[in-house]
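Asker: I'd like to ask some things about the structure below.
The values are calculated or read from the model by the stated rules, or taken from the named source; none is laboratory data. Model, not experiment: these values are computed from the prediction. For neighbour counting, all protein chains shown are included, and Cβ atoms are generated from backbone atoms with ideal geometry for every residue, glycine included.
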Amino acid sequence: MLWKKKSRASGLLALTLGITAVVSGCSDKKQENGSASPANDSFVFGETPLSFSFYGNYDWYTMQPWGEDPATKWIKENKKVTVTPVPAQGASVQKFNTMVASDDLPDVLFMDRGPLVEKLRQAGKLVPLDPYLDKYPNLKKYAGEETLNMLRSDDGKLYQFPNWYTSTPMGNGGYMVNKKIYKELGSPKLETFEDLRGYLKQVKEKYPDIVPLDIGYGTQGISILFSGFGEDRTGAYTSYGFVPSGDKLTSLFSDPAFKETLTFASSLFREKLITQDALTQTRDQVVEKLNTGKVAVYASYDTSDLGSQATVELKKGDPEAGYEMIWPLRKEGVDPNKVYPNNYDTIGWNVNVITTAADNPEGIFAYLDWLTGEEGERVIFWGPEGLYWQGTDENGAPNWTEKFKTDVDERTKFMAITDSFQWAGNTSFIDGSKASNNMKLPEDQRDWAAEAQLTIAWKTSYNTTQFSNLAPDSSTAEGKALQKVADIETSVIAKSLYAGSDAEVEKIIADGEAAANKAGYQKLLDYETARWQANLKKMSGE
């Protein structure tokens, strides 16, 4: 499931929005206004041959040859599906604009959610999917009505088939400790931020060449700390730039927890208990420190990922070495079961839309629906039965074969190829299958990351679906305010970390809020609040 880890900005959006007039002027003889044909009884998935063209609207995306790997070869032979790629060749913006201008769209577009999808929908170029939801029920079953409602357009219809959506918590963030150092220091209680401060002081005193606390690269670690200064909050609020209060989204700068977070982090920094190159170090530098055991405590969004890699490296030299993920730390008095360093969004990452150019939109939906179901996910992720799995457990999870465990290099190559065909990823099923297989293994053979996720990270993840799609168009006044406020927030965090006193931190935050308000912060909050309230209505089916 490599795509989920790739966070890419949609740089094509500003350029493509200018094509609206061209799109709107196009006509389509097959289906007026995107009205889909009802489910067709003459089509039988797996028996009726299906062919369609597919375009990934990303510079980096390249679809592997269809039918040449074990997974798509099996699909082609057993499900009678053939997919023809329409390559972007590293120039997705130009390619997309050309297709639209010539009214020569592919059958399926794989793209980001957002304004561009709506421009196509308003121009009558997309097929609504509602007529197929009951006949092919996997999407409805696994995504659920609430998630599908969030994906619906303003006309109430569903046009987007989501990728890597989830119905269960997910995430990799939190805290981990260097096992050997922790044990050598007596394995002290490490639950609150004051416990942390005391522990970091011990590390600094006895291990002068070790970084007491590393907060990763960027401001990720600050967000992890923020989640522990109050109940039912998530570190994601720092990236959103707001905090919900009642029925409104309010200023992050005015939030007491934000002030406490920056004051605490700054005090640790002044005492040299946090890595002194925080906010400037690269990911590679963080990895190097972790892989050589030079960090006592780590806090960031990628903890289970980097912790797994580092533990494997350290165990090569010492079987007792490695890292251990711990329950999220908190302020004294905060309920430990209401601290959420992680967050997840049920609607997932990007989407597939079926265009009115498609001859068989039902067939395409049927394939995507099969792909997002148990059989489809097993085949596209781990290959056909008999290769890396044989039979399933009571939850449909594949039972690994010996080849899965021993032929790691070949399996890795195979999964790198099929990554380009994972258009309807079902996160809950894939993650659940991994966890199920992992827990069947003896404790010393279990995957470090999978166990850390199952026992801690996923249990401390907050559902933030209600805050999806709040960002305004970058060309609007609110959109321009969003960028300015985001820059101000980043500056406030950086200046606060390097501040010389608690009083200076307080002034930096106050000055930051004043600058944000001057940049149109309240107008932005009002806009986002309205969108948030609309989301809540959508999710409830109103």
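Asker: Show the residue pairs meeting these rules: Cβ distance below 9 Å; 6+ apart or different chains; first residue within segment 178-198 and not assigned by TED's automatic domain parsing to the domain that holds S304; second residue buried (at least 17 other Cβ atoms within 10 Å of the Cβ).
Answerer: The qualifying pairs do not exist here.
Asker: For residues in segment 420-447 being closer than 24 Å to Q64 by Cβ and of a type in the set (S, T, Y), which is surrounded by the most Cβ atoms within 10 Å (Cβ to Cβ)?
Answerer: Top of the filtered list is S433.
Asker: Among the candidates K125, K119, K135, K73, single out the residue that is closer than 24 Å to N360 by Cβ and touching a Leu at 6+ places or on another chain (Cβ under 9 Å).
Answerer: Exactly one residue qualifies, and that residue is K125.
Asker: Please identify the pairs in which a residue from segment 276-300 that is farther than 27 Å from E489 by Cβ and in the same structural domain as I181 (by TED's automatic domain parsing) has its Cβ atom under 9 Å from the Cβ atom of a residue that is of a type in the set (A, V, I, L, M, F, W, C) and assigned to a loop (DSSP other than H, G, I, E, B), counting only partners at least 6 apart or on another chain.
Answerer: Taking only residues 6 or more apart or on different chains, the pairs are G293/I210; G293/A321; K294/I210; A296/L185; A296/I210.
Asker: If I go through segment 58-85 residue by residue, how many of them are crowded, with 16+ Cβ neighbours inside 10 Å, without any contact (Cβ under 8 Å) to a residue 60 or more places away in the chain and within 26 Å of the chain's Cα centre (by Cα)?
Answerer: Count: 3.
Asker: Consider L454 against the criteria (1) out of contact with any Asp or Glu (no Cβ under 7 Å at 6 or more places or on another chain); (2) surrounded by 18 or more Cβ atoms within 10 Å (Cβ to Cβ); (3) farther than 30 Å from P244 by Cα: it satisfies all of them except one. Which criterion is unmet?
Answerer: For L454, the failing item is (3).
Asker: Inside segment 476-500, can you point out the residues that are within 30 Å of Q276 (Cβ to Cβ), over 26 Å from the mean Cα position of the chain (by Cα), without any contact (Cβ under 8 Å) to a residue 60 or more places away in the chain and surrounded by fewer than 14 Cβ atoms within 10 Å (Cβ to Cβ)?
Answerer: Correct list: empty.
Asker: Considering only segment 453-491, how many residues are β-branched (V, I, T) and either touching a strand residue (DSSP E or B) at 6+ places or on another chain (Cβ under 9 Å) or not in a helix (DSSP H, G or I) (or both)?
Answerer: 6
Asker: Only helices (runs of 4 or more DSSP H) wholly contained in segment 274-377 count here; list those with 1 or more residues that are more than 25 Å from R446 (Cβ to Cβ).
Answerer: 283-291, 361-372
Asker: When you look at E260, is it out of contact with any strand residue (DSSP E or B) (no Cβ under 7 Å at 6 or more places or on another chain), without any contact (Cβ under 8 Å) to a residue 60 or more places away in the chain and part of a helix (DSSP H, G or I), yes or no?
Answerer: So E260 does not fit the description; no.
Asker: State all residues of segment 74-87 that are more than 17 Å from F52 (Cβ to Cβ) and modelled with pLDDT under 95; if no residue qualifies, say none.
Answerer: Within segment 74-87, no residue meets the criteria.
Asker: Do we have any residue at all in segment 206-217 that's under 17 Å from N178 (Cβ atoms), in a helix (DSSP H, G or I) and touching a residue at least 12 places away in the same chain (Cβ under 8 Å)?
Answerer: Yes, because at least one residue in segment 206-217 is under 17 Å from N178 (Cβ atoms), in a helix (DSSP H, G or I) and touching a residue at least 12 places away in the same chain (Cβ under 8 Å).
Asker: Does Y136 fit the bill of being within 21 Å of N469 (Cβ to Cβ), of a type in the set (F, W, Y) and touching a helix residue (DSSP H, G or I) at 6+ places or on another chain (Cβ under 6 Å)?
Answerer: Spelling it out, it is not the case that Y136 is within 21 Å of N469 (Cβ to Cβ), of a type in the set (F, W, Y) and touching a helix residue (DSSP H, G or I) at 6+ places or on another chain (Cβ under 6 Å).
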